[in-house]
Structures are given as structure tokens and as C-alpha cells.
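Have a look at the structure below, then the notes.
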Amino acid sequence: MIIFQNNVFHASTKNTSYIIRVRDGQYIEQLYYGKKIRHTSDYEALYEKNGTGYGNSIVTPTDSRLTLDNICLEYSFSGTGDYRHIPLTLQMPDSCFSNQFVYDSYRIYQGTYEENDKTNMPFAKKSQDKEQEDVETLDIVLKDTVYPVYLHLIYTFFYECDVIVRLVKIENHCEDSIRIEKVMSMMLDLPEQEYYLHTFDGLWIRERHKNRKKLVSGIYVNDSTTGSSSNRHNPFIMLTKANCTQDTGDCFGFNLIYSGNHYEAVEVSEYGKIRIMSGLNPHQFAWTLDGNDVFYTPQAVLTYSDKGQNGLSHNMHVFVNQHIIPSNWQGKERPIVINNWEATYFDFTGDKLLEIAEEAKSLGIEMFVLDDGWFSNRNDDTSSLGDWTVNEKKIGGTLDGFVKKINNLGIKFGLWFEPEMICEISELYRQHPDWAVKVPGREAYLGRNQLVLDLTRQEVCEYIVDAVTSILKSAPVEYVKWDMNRHITDAYSAGLLKRQGEFYHRYILGLYQIMKEITEEFPDVLFESCSSGGNRFDLGMLFYMPQIWTSDNTDANQRIDIQEGTSFGYPLSAMAAHVSAVPNHQTLRNISIETRFHVACFGVLGYEIDITKLTEMEKIAVAQQISFYKQYRRLFQFGTFSRLKSEQNLVVWQVTSGDQKEAVILVYQRLAVSNPPGDIIKAVNLLPDEIYTVKSRKQYIIKGKEEVAGMSEEEEYQVFGDMLMHAGIKLVQQFSGTELLEQTRLMGDFGTRVYEIKKK
Ligand code: DGJ
């Protein structure tokens, strides 16, 4: 898979090639990254030709025509005449910022990076699936020309899913320390500049909305400074060529296996080249690397597809499902939960919870999750975070006793925690005010009445591990929702003295240590990460916790955008999605229970509603939804997901089984159009020569002015795969202001239909 010949490394995955060379024995030149090309003995056609020099550019000491400012490189250094964004700011022992790292040696070996375990960070790992085993690593070592400081450019190639993982290791063999102010996990230069940049941006209850910008000369930054990967700008970004659609054309995707402040920059240089980098955010970052010590960056993820944005998403989905999430959760179906948060908020008793759990069980739900408010004096959000003692008065006995009552109903039990936080009104704060993150002598900023615990300190990490572990040991808890509800401010730790520039990264290292210890101790507990919804939706969290609460927004019309945005970089198995009450608590919008379900079932389904208050019709609908979801659960969580249409008023999604024998299509209409045009659904990813039955899912709809619930129209077809994919099915006519017949498709505002597709 990786061939080294004539100073050229040619690495290939199933459908891509990555070609770099050692130029003049010194520089690592990027020759090609894209659709797979054959290996040859002569790559001269791909070399950057420097024939005449460039006006006032700087040239290298060894080649008077070579300017590093206009050549595609794999990593670049300050003080070398490359005036594009540089991925490294490193102050050497003599205090200078010039670095001349040149090629020293390389190693190629089977498997993932040998030092993954030493990095104390999440990493891409081997899959449980034998077919995904083809993995190889290349370690290129560069050495500074003056000091014994080494830089490793490490690449791991995941053949089956067309993913490359890169990281950088810095080894300081000097006696003296060096200071790292910026170090990117990867830099990639591409020779052309005609690209669109896609970022996934938002805020609380508005996460990961896709934004597309045409790139022109300049520097584009996508980052987070909140202390977590954030809901502002997700670390996943895409670059597409103008020809790129959902299913065709060139598309590059980049992500970072990291949960803290991240930084992605894309620069279009004046020479028409493009430079992409991704890594730790240099914002307030300064790391003192002592003599004989090493520094590892987080791992960056790169993928390319010539099959458009869906092709790229498929690569990412397989990669996350096979190489990121904990091995014992790979391909393992997740339970349908009922969560009491939006049903009761803080206002519950043990009896009320049992009532909800009992009703939920009768409708087919498999797990009851007790959210915030079960501990200490926490009856609103002003107090008690940090005091992880069960409020037995509130839940009517011990936790163990309560869980047994839940289990006796035939349903599993899950519990909410927010371990990284502390309230000033808490016993923990009374005992350890210094454990809260704040700057001595300065008034601290509050978020949701809480402060952040100082995870850079070992004793704080130990406290959290002990507190969570002892609760989990005290009762049969089978799921944990791990929440984190504020951004970091006042970054300072008494333990770091003059090294406050290390705070943000050390916080995340502390978090990773805590999550590693707890998840390893309870491997069978399903952990779901959450941060005010999707404020920390990233590959670092997914390494420890296989699913994430996608957003606090459960309005189906918002969720369709949030889940679609998320789907570009993350699989459905990672997205927890719940059906909640109407009017929706985040938007006050009314959307039918069937539409709420149809959107939520494209992910890990749950309910977050006082189910005891549903009407009889809604209860019947929910019971049918749950049995439908159970029938297709594997598809909804692990199927191949494709975005078929993403129009202003119409969104169409499909999930397909790995063997292409089964699929489900969702049609979502935002607003009813008067006298609307006809709708056609065209599937993808089926077997052209096989016959499929296509059937609309029967659902409840409110029919006409009388507001009577009835069943939707029924459609059923037998079609060959090629007809379904290329010609499509013309669906029955939508209501158009005249008759409302049995076969009229009444979609209305926020209407959906789901079609089941099965090979005969
Ligand atoms: C924020 C989460 O996103 C919600 O789902 C809920 O768990 C609350 N925190 C509880 O405080």
C-alpha cells in the first residue's frame, strides 16, 4: 500500500492516492492527493518546476531557483521564505523562531501508529471488522539543522474507508526547553485554487448548519476558542470542486480527533495554490517542551472522494463506526430511550418517573433515562453541581432501589451526570473553592450559574472518577449521559504556575484521562456525550462515547437541518434524536407526532416527552413507531446514509443496508405549496437488476378541517432497481386545493412520508 522508490512515497487506499517526495534530500514535497492513480517509477510530471525563480521571492540556500513560497509541501517552517500560513511556531533554545527541519529518515509498518497509547489522546484504532484491517503507517522524521530537535510527520492509511490520519510528534533532545506556540496536526498543499469551503456552524439549539463559500485569495479560519470543539464551528470541514454535487465530483474532508479548541485554516495563495491545515488552536496556547521530552498533536483526519459529498460522508461514516468509537460498541444496536428532561425538567418525584417509565415500557421503549436533578439539592440550575450524592428523598429511596423498580417494569436504566462542573452553591465548592477555574484576584464569569472544574489538576480528575464510579457501582446503571453545559472563561490553573498557555490543552488531556478510566471500568455501559446538546460533537468524544446528544433542539423542522449538517461528517449511529412535545420547547412550533418521529428515526431514536399525557391516538402512533424503528433499527443506525435532495422546501434522505437489499426513504416538505408540482423519488445505491417492493409507511395524519386523525394514503410498487434509481417513482398527487380523496397525499406544512424499499 505504501511504496517508497526513487525518493517518492506513493501511498494508496482503495480509491485514493497520496504521493509525496523527498526533494533535494531535504523538503517533503506534496505531489498528489486525489482519485487513485497507478504507481510508476517516474513522477517527474508531478514535480513543481522551478526554472527561472520568482522576482523578489526568497530562494533556498541550496537552490537559487527554488522558492518554498510556491511549492506544495507537507509541512512548512518559519524563516524559510514560505510566506503562506505556517503550521508551526517553535521557539528554539536560542529564542529564535526560525526552524529548518529537513528530511532525516522514514519508517513504514503495518497497523496504526505504534505510539497511539502514549499520546494520552484519542486515536484512530484498528477495527473489529476483519475487512477493515488493511492499515499501514508511515513515519517521516525531519531534523532541525542546528538543534537536536526532531519532528515526525506520521501518516496512517486506512485502506478500506479511504481515510488518512496524520499527526505530528516533536522530540526535544536538547538540554534546554523549547516553546511551542503553534503546532498543526497536518498541513496539505494542493496545486489548484478553484474550491468551495464548507463549514458547519451555529450556536446552541442551532448547531452544524452547512455554509459554503467560494474561495478567493486570502485566509479562511474555522475554529473554536470556547474550550471545547463547540457549537460555533465544528472541526469537520469540506473542500469541493465546482463540479461537486451530492453524488458526483471531487470532495475533500478534514476533521480532528480532538474535543478542545481547534483550528482549521485554508489559504489561497497568490500563486494559485491552496493550503489546508488543522490542529490545536494557537489561541492562548504556549507549551514548554522540556529537554528530552516529546509532544504529540491530536490526530487529523483526511479523506477524498470523487463520488461527491455523499461519497465523502460514506468514507467518514465507515471510519467513525469502524475506527473511532469504542470497539465493543462497533455495530452494536442502541436502545430506544425515554428521557425525562423535557417531560419534567427538575420537577419530579420517584413516582412520577415510574409512571413515565411504565407507560414507556408499554409502548415498547427499552430504557428510562433520569436526567438532571436527581442529586444533592439540585431542584433548579442554581446549585449542587459537584455534589454527586443521590437525593433519596426526591426519588423515594436509594438509587439502587429506584433502579430495581425501573428494571422490574422490564426496562433498563440510564443516568445523567455533568462531572466537569461545580456550582458555587455546593458542598464541593465550600471545601475546594480553588478547584474551580478562575483567575486569582479577578471576578469569574458564570455560565448557567456554574464554574468549570480544573481538570488540569490530578486531584480534581481523581475526584471526578471516584464520584462517578461510586454512583455507577451503587446501582445497575446501563447508560450514562455525560453533559457539559458551559464554555470556559478565566482559563487559569494554580497548578500551572508560569505555564498558563498549557491550560486549554491540559484540560482536555485531563478530560480524556477521566473518560478513559471510567469507560474502561464500565465497558458495558452505553455512554452518550452531550454538551448543551451538540456543543462538543467531535471525534474525540466519540472515541470514548459512541453517541452524542445532537442538539437540545428537538423541533423536527430545525432538526432536519441540524441532522443533515451533522451527517456530512458523522454517522447516524452517533446522533441521538428524540421525539418531544408540542408546542416544541425551543421554537414553540407544532409539528405532527409522525413527522417528529420520521426525522428522529434517522439516528438513535428516543422520546423526551411526558408520555403519560399523550392522547390515545398518539399512544397508538408511538407504539407503531417503535415497532417500525425496531424492524429497521440496524438500517437507521448503521445503514449507508445518503442525502438525495436538500432543497429549500424539500429534503429527501435514504438509508440502505450494506447488502443493498433494503432501504428507507424519507420525504420531508417544509411548507405546503398551493397547487404543487408532482414529486418524484429516485433512490440510490440499489441493485439495478433486482426487483424491489416500494411501500409507503402508514401514518396518522390530521385530515381536513374536521381535525380527525386518519391514515395516510397507501402506495405500493414493484420496480427494478434501475428504474427506481434512474427513472424514479412519481408519487400520488398532493392535496391541491380541491378534493381530499383517500389517495390524496396530504403533506401540509412540515409533512413527511417514509417509504420502505425491500428486495423481493
Ligand atoms: C443540557 C442538555 O443538553 C439537556 O438535554 C439536559 O440534559 C440539560 N442539560 C440538563 O441540565
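Any residue that is hydroxyl-bearing (Ser, Thr, Tyr), closer than 14 Å to Val294 by Cα, touching a Leu at 6+ places or on another chain (Cβ under 8 Å) and not in a loop (DSSP other than H, G, I, E, B) - is there at least one of those in the stretch 101-114?
no
Under 8 Å between Cβ atoms, which residue pairs at least 6 apart in sequence (or on different chains) link something in the stretch 424-448 that is farther than 16 Å from Met484 by Cα with a partner that is within 16 Å of the ligand (Cβ to nearest atom) and hydroxyl-bearing (Ser, Thr, Tyr)?
Final answer for the pair search is Ile425/Thr382; Ile425/Ser383; Ile425/Ser384; Ser426/Ser376; Ser426/Ser383; Ser426/Ser384; Glu427/Ser376.
Can you pull out the strands (runs of 3 or more DSSP E) entirely within the stretch 1-67 that have at least 1 residues that are under 30 Å from Phe319 (Cα atoms), of a type outside the set (Ser, Thr, Tyr) and in contact with a helix residue (DSSP H, G or I) (Cβ under 6 Å, 6 or more places away or on another chain)?
Correct list: 27-35.
For residues in the stretch 650-705 being within 17 Å of Lys759 (Cα to Cα) and without any contact (Cβ under 8 Å) to a residue 24 or more places away in the chain, which is surrounded by the most Cβ atoms within 10 Å (Cβ to Cβ)?
Step by step, filter the stretch 650-705, then rank; the result is Ser657.
Name the residues in the stretch 429-438 that are under 25 Å from Arg536 (Cα atoms) and in a helix (DSSP H, G or I), would you?
Across the stretch 429-438, the qualifying residue is only Trp435.
Inspect the stretch 370-386 for any residue being buried (at least 16 other Cβ atoms within 10 Å of the Cβ), under 30 Å from Gln624 (Cβ atoms) and within 12 Å of the ligand (Cβ to nearest atom) and give the result as yes or no.
Yes, the stretch 370-386 contains at least one residue that is buried (at least 16 other Cβ atoms within 10 Å of the Cβ), under 30 Å from Gln624 (Cβ atoms) and within 12 Å of the ligand (Cβ to nearest atom).
Quick one: how many residues across the stretch 592-626 are of a type in the set (Asp, Glu) and either in a strand (DSSP E or B) or without any contact (Cβ under 8 Å) to a residue 24 or more places away in the chain (or both)?
Qualifying residue count, the stretch 592-626: 2.
Table: residues versus (1) assigned by TED's automatic domain parsing to the domain that holds Tyr544; (2) part of a strand (DSSP E or B); (3) surrounded by 24 or more Cβ atoms within 10 Å (Cβ to Cβ).
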| site | (1), (2), (3) |
| --- | --- |
| Val216 | no, no, no |
| Val221 | no, yes, no |
| Pro235 | no, no, yes |
| Gly253 | no, yes, yes |
| Glu267 | no, yes, no |
| Arg275 | no, yes, no |
| Ser278 | no, yes, yes |
| His283 | no, no, no |
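Please determine whether any residue of the stretch 238-246 is surrounded by fewer than 24 Cβ atoms within 10 Å (Cβ to Cβ), under 24 Å from Leu542 (Cα atoms) and not β-branched (Val, Ile, Thr).
yes
Among the residues of the stretch 513-563, which ones are over 19 Å from Pro298 (Cα atoms) and in contact with a Cys (Cβ under 6 Å, 6 or more places away or on another chain)?
Trp549, the sole residue that qualifies.
When the stretch 414-438 is examined, which residues are found to be hydrophobic (A, V, I, L, M, F, W, C) and within 16 Å of the ligand (Cβ to nearest atom)?
Leu415, Trp416, Phe417, Met421, Ile422, Cys423, Ile425
Please find, among Asp351, Asp380, the residue that is in a loop (DSSP other than H, G, I, E, B) and modelled with pLDDT of 95 or more.
After applying the criteria, what remains is Asp380.
Tell me the residue from Gly410, Gly401, Gly441, Gly397 that is away from the ligand (no atom under 16 Å from the Cβ), outside any loop (DSSP other than H, G, I, E, B) and of a type in the set (Gly, Ala, Ser), please.
The match here is Gly401.
So Asp538 clears everything in (1) buried (at least 24 other Cβ atoms within 10 Å of the Cβ); (2) away from the ligand (no atom under 16 Å from the Cβ) except one condition, right? Which one?
Here Asp538 meets the rest and fails (2).
For the list (1) within 16 Å of the ligand (Cβ to nearest atom); (2) over 28 Å from Glu366 (Cα atoms); (3) among the aromatic types (Phe, Trp, Tyr), I need the number of the one condition that Tyr463 fails.
The failed condition is (1).
Against the condition within 15 Å of the ligand (Cβ to nearest atom), surrounded by fewer than 22 Cβ atoms within 10 Å (Cβ to Cβ) and among the charged types (D, E, K, R), how does Arg448 come out, does it pass?
On the way: within 15 Å of the ligand (Cβ to nearest atom): yes; surrounded by fewer than 22 Cβ atoms within 10 Å (Cβ to Cβ): yes; among the charged types (D, E, K, R): yes.
Judged against the criteria, Arg448 is a match.
Checking Val719 against (1) under 25 Å from Ser642 (Cβ atoms); (2) exposed (fewer than 14 other Cβ atoms within 10 Å of the Cβ), only one condition comes out false. Which one?
(2)
Restricting the first residue to the stretch 529-543 and requiring it to be under 15 Å from Pro571 (Cβ atoms), which pairs with a second residue that is acidic (Asp, Glu) and more than 10 Å from the ligand (Cβ to nearest atom) meet a Cβ separation below 6 Å and a spacing of at least six or different chains?
Gly534/Glu207
Only one of (1) within 13 Å of the ligand (Cβ to nearest atom); (2) over 13 Å from Ile609 (Cα atoms); (3) of a type outside the set (Val, Ile, Thr) is not met by Tyr345, so which one is it?
(2)
Counting only residues that are surrounded by fewer than 22 Cβ atoms within 10 Å (Cβ to Cβ) and of a type in the set (Ser, Thr, Tyr), how many does the stretch 138-159 have?
The number of residues fulfilling the criteria is 4.
Table: residues versus (1) of a type in the set (A, V, I, L, M, F, W, C); (2) touching a strand residue (DSSP E or B) at 6+ places or on another chain (Cβ under 6 Å); (3) more than 25 Å from Glu443 (Cα to Cα); (4) within 16 Å of the ligand (Cβ to nearest atom).
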site: Thr489; (1), (2), (3), (4): no, no, no, no
site: Leu497; (1), (2), (3), (4): yes, no, no, no
site: Arg506; (1), (2), (3), (4): no, no, no, no
site: Tyr512; (1), (2), (3), (4): no, no, yes, no
site: Phe527; (1), (2), (3), (4): yes, yes, yes, yes
site: Cys530; (1), (2), (3), (4): yes, yes, yes, yes
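The values are calculated or read from the model by the stated rules, or taken from the named source; none is laboratory data. Just so we're clear, the structure is a prediction, and the values are computed from it rather than from any experiment. Positions of Cβ are generated from backbone atoms using ideal geometry, with glycine treated the same way; all protein chains shown enter the neighbour counts.
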